[in-house]
Amino acid sequence: MKLAVATWNKTGGVMGKSITLDAQDSPCNPQVAVTAAQKLITDGVVGVDGPYCSGDAIPTSLLFYRAHIPVVDPAATNPKLTEQGFNNIFRTIGRDDEQGGFAAGIIASKLHAKKVAIIHDNTVYAKGLADQTRLALGKYPGVKVVFFDAITPGSKDFSSFLTQLRTKNPDLTYFTGYYSDGGLLLKQFVQLQVSGRFMAGDANNDPTFISLAGSDAQKALITTAPTPALLPNAKGFVRQYQATYHTAPGAYSTYSYDAMNILLRGIQKAHSTTGPAIIRALHTVKNYHGITGLITFNAKGDRTQIQYIVETVRNGHFVRASI
C-alpha cells in the first residue's frame, strides 16, 4: 500500500493533492477491527484498503457502508462479505467458494483421494473455506469426508487431535486455518505418521509456515491465488519491494497493491473525495491491468477473473507444484 501511494505522490497525487495513509491495526480480532474502523471513520478517510481477515472485514463492512466509505479488500475471502447487499464493498482476491471448488477438484481429480479429512480453526475464514470445500467434494462420486473438525488456534501440541485423525486413515488432509498453526500441524502430522497427503489453504502461504514446519514443509501442497514470485506482471513490483523493505513481499502484497491503485484510480475518475461518487466509479472497473492480472468487478463487488494454483515448497521457497 505504501509503495502504491508513494508512486502516486511522486506524480502529483490525486486531484493535485498528496495522499496520506491512515493505518489502523486489526489483528484478526473483530472487536479490535471495529474499534479501528470507527477510528478511520472519525478520521475522515475517503477509502479503505483491507482488512486482512474475513472475521474483521465482515463486521467492519456495515460501519463503512453506513458511512458511505468505499472498501477494496485484498485478502478477505469469505463469500458473506459481498453477499450483504452493500454497494461499497469490493475485493481483488477470490472467494472461499471459488477456492473450495478448486481445492475439491484437485483433491478428487488430480490426487484421486477417496477419504478426505478437513481441519479448520473455527475462524470465519477457515470455517468458511472448510464448509465450501466439503460442499464441493459432495459433487464427486466416491469421495467421502471422513473427518471434519476444528483445532484450537495457538495450540503448540496437536498430538491428541492428530491421533484421532490417524484412526480415520485419510488419503488427504486439507487444513484451512492460518500459517501460524499450519506449520506446526504439518510437522506433527508427519511425526505421528498420519496417512495420506497434507494440503492447506491460502492462509498458509507465508514464510512462517515454512520455518515452523522445517524440512517437512516440502511435503505440503498449498491452494492459493498466485503469489508475487509466480506472477509475470509482478517482477518489477517484487524488485521495488525488496529494494525498499529488504524482504520479500507477502502472499497478499500484490493484491493490496492492486487494491490501493484501484481505489486511487476510483477517486481520480470520480474527481471527488465523496464516498458515493467514488463507489460509483469503482463499479465501472473493467479489465484493469493489475499486477495480479485483469480485474473486473461484478455487481456485488467480486472480482470476475481469479486464478488458483497449487504450490509446494522447495529449498525454503514456495514454488508451483507439478500435479
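Every number here is computed from the coordinates shown, using simple stated rules; none is lab data. The structure presented is a predicted model; accordingly, all values stated were derived computationally and were not measured. Heads up, the Cβs are rebuilt from the backbone with ideal geometry, glycines too, and the neighbour counts pull from every protein chain shown.
Where Rh denotes the Kirkwood radius from the mean inverse Cα pair distance, what is Rg over Rh for region 8-48?
Taking Rh as the inverse mean 1/r over Cα pairs, Rg/Rh reads 1.12.
Would you give the gap between the C-alpha center of region 180-208 and the C-alpha center of region 125-150, rounded to a whole Å?
Using only Cα atoms, the two centres lie 17 Å from each other.
Stokes-Einstein diffusion coefficient for the chain at 37 °C in a medium of 0.692 mPa s, Rh from the Kirkwood formula over Cα pairs: what value in µm²/s?
Calculated translational D: 161 µm²/s.
Compute the relative contact order of the chain as a whole-number percentage, counting only Cα pairs closer than 8 Å that sit 6 or more residues apart in sequence.
17 percent.
May I ask you to derive the FRET efficiency for ASN87 and SER195 from their Cβ-Cβ distance with R0 = 51 Å, giving the value to the nearest 0.05?
The computed FRET efficiency comes out at 0.60.
Indicate, rounded to the nearest 5 percent, the antiparallel portion of the DSSP beta bridges found entirely in the chain.
The answer is about 35 percent antiparallel.
Please compute the net charge surrounding ASP73, taking Lys and Arg as +1 and Asp and Glu as -1 over other residues with Cβ under 9 Å from its Cβ. Before the final figure, lay out each step's value.
Values: positive: ARG91; negative: ASP49.
After counting each charged neighbour, the total is 0.
Work through the residues other than SER215 whose Cβ is under 14 Å from its Cβ and net out their charges, Lys, Arg +1 and Asp, Glu -1.
+2
Stick to Cα atoms and the Kirkwood definition of Rh, then tell me Rg/Rh for region 96-224.
Numbers: Rg = 13.0 Å, Rh = 14.1 Å.
So for region 96-224, dividing Rg by the Kirkwood Rh gives 0.92.
Okay, helix-only estimate at 222 nm for the chain: each DSSP H run of n ≥ 4 adds -39500 (n - 2.57), divide by all residues, round to 500 deg cm²/dmol; what do you get?
-12000 deg cm²/dmol
Can you list the residues, at least 5 places off or on another chain, whose amide H is less than 5 Å from the amide H of LYS114, using H built in the peptide plane?
Residues meeting the amide H criterion: ASP171.
Round to a whole angstrom and tell me the spacing of the C-alpha centers of region 283-323 and region 68-87.
One Cα centre to the other: 17 Å.
Show which lysines lie in cross-link reach of LYS114 when reach means a straight Cα distance below 28 angstrom and same-chain residues fewer than eight apart are skipped.
By straight Cα distance, LYS114 reaches LYS127, LYS139, LYS144, LYS168, LYS187, LYS219.
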